[in-house]
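First comes the structure, then the notes that go with it.
The numbers here are math on the coordinates, done by the rules we state, and not lab data. This structure is a prediction, so every number in the text was calculated from the model and none was measured. FYI the Cβ positions are ideal-geometry reconstructions off the backbone, even for glycines, and counts take in every protein chain you see.
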Amino acid sequence: MRVCQVESGELVPDEMMIQLIRLRLLQDDTRKGWLLEGYPRTPFQAEELEFLLEDFKQDLYGAIYLKLEEAIEIERSLSRGRPDDTPAIVQRRIQGFTERTTPILEYYARRGKLIVINAEKAQATVEAEILRKLES
């Protein structure tokens with residue numbers, strides 16, 4: 001059933017994601033630092049990540065938000081050519097993002113941890129800006 005949820009554009013359940021993140025952060029290659037892509041997506045996940053990092057005695061440097069206009073997001077998603085990137089599913093993902101993820105932007109902004117990047121620029125420019133902001 002969970003596979004069907006993901007294939008239809010739904011998010012992986014919080015409990016499963018939290019366990020996957022825990023297992024990943026226990027790997028040796030994360031000792032010098034790590035970057036999570038697409039996680040956390042909800043304030044609940046962010047709070048669980050904070051608890052997890054407390055257990056690991058680590059601090060979160062920041063949360064990167066790749067800001068992108070919806071039309072460009074749709075265009076880029078559809079151009080990937082994945083079977084689950086149909087217009088209806090992409091639109092459902094965007095709607096889910098707005099409903100579930102926008103509160104997390106506020107969550108990290110209140111904590112002074114939100115790093116906003118204009119993702120409409122070329123990929124190399126976006127990457128350079130991310131690295132610049134992470135180094136400062």
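Some values worked out for this structure:
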{"read-out": "Residue within the stretch 89-108 that is free of Cβ contacts under 8 Å to residues at least 24 places away in the same chain and basic (Lys, Arg) present", "value": "no"}
{"read-out": "So Arg41, is it of a type outside the set (A, V, I, L, M, F, W, C) and in a helix (DSSP H, G or I)", "value": "no"}
{"read-out": "Matching entry among Ile72, Ile94, Ile104, Ile64 (being touching a strand residue (DSSP E or B) at 6+ places or on another chain (Cβ under 7 Å) and closer than 30 Å to Ala122 by Cβ)", "value": "Ile64"}
{"read-out": "Test: residue in the stretch 56-65 that is over 17 Å from the mean Cα position of the chain (by Cα), surrounded by 10 or more Cβ atoms within 10 Å (Cβ to Cβ) and among the hydroxyl-bearing types (Ser, Thr, Tyr)", "value": "no"}
{"read-out": "Residue satisfying all of: in the stretch 35-55; acidic (Asp, Glu) and farther than 21 Å from Lys67 by Cβ; surrounded by the most Cβ atoms within 10 Å (Cβ to Cβ) among these", "value": "Glu48"}
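Table: residues versus (1) touching a helix residue (DSSP H, G or I) at 6+ places or on another chain (Cβ under 8 Å); (2) closer than 21 Å to Ser136 by Cβ.
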{"position": "Arg31", "(1), (2)": "no, no"}
{"position": "Ala46", "(1), (2)": "yes, no"}
{"position": "Leu52", "(1), (2)": "yes, no"}
{"position": "Ala71", "(1), (2)": "no, no"}
{"position": "Ile74", "(1), (2)": "yes, no"}
{"position": "Arg82", "(1), (2)": "no, no"}
{"position": "Asp85", "(1), (2)": "yes, no"}
{"position": "Arg93", "(1), (2)": "yes, no"}
{"position": "Leu105", "(1), (2)": "no, yes"}
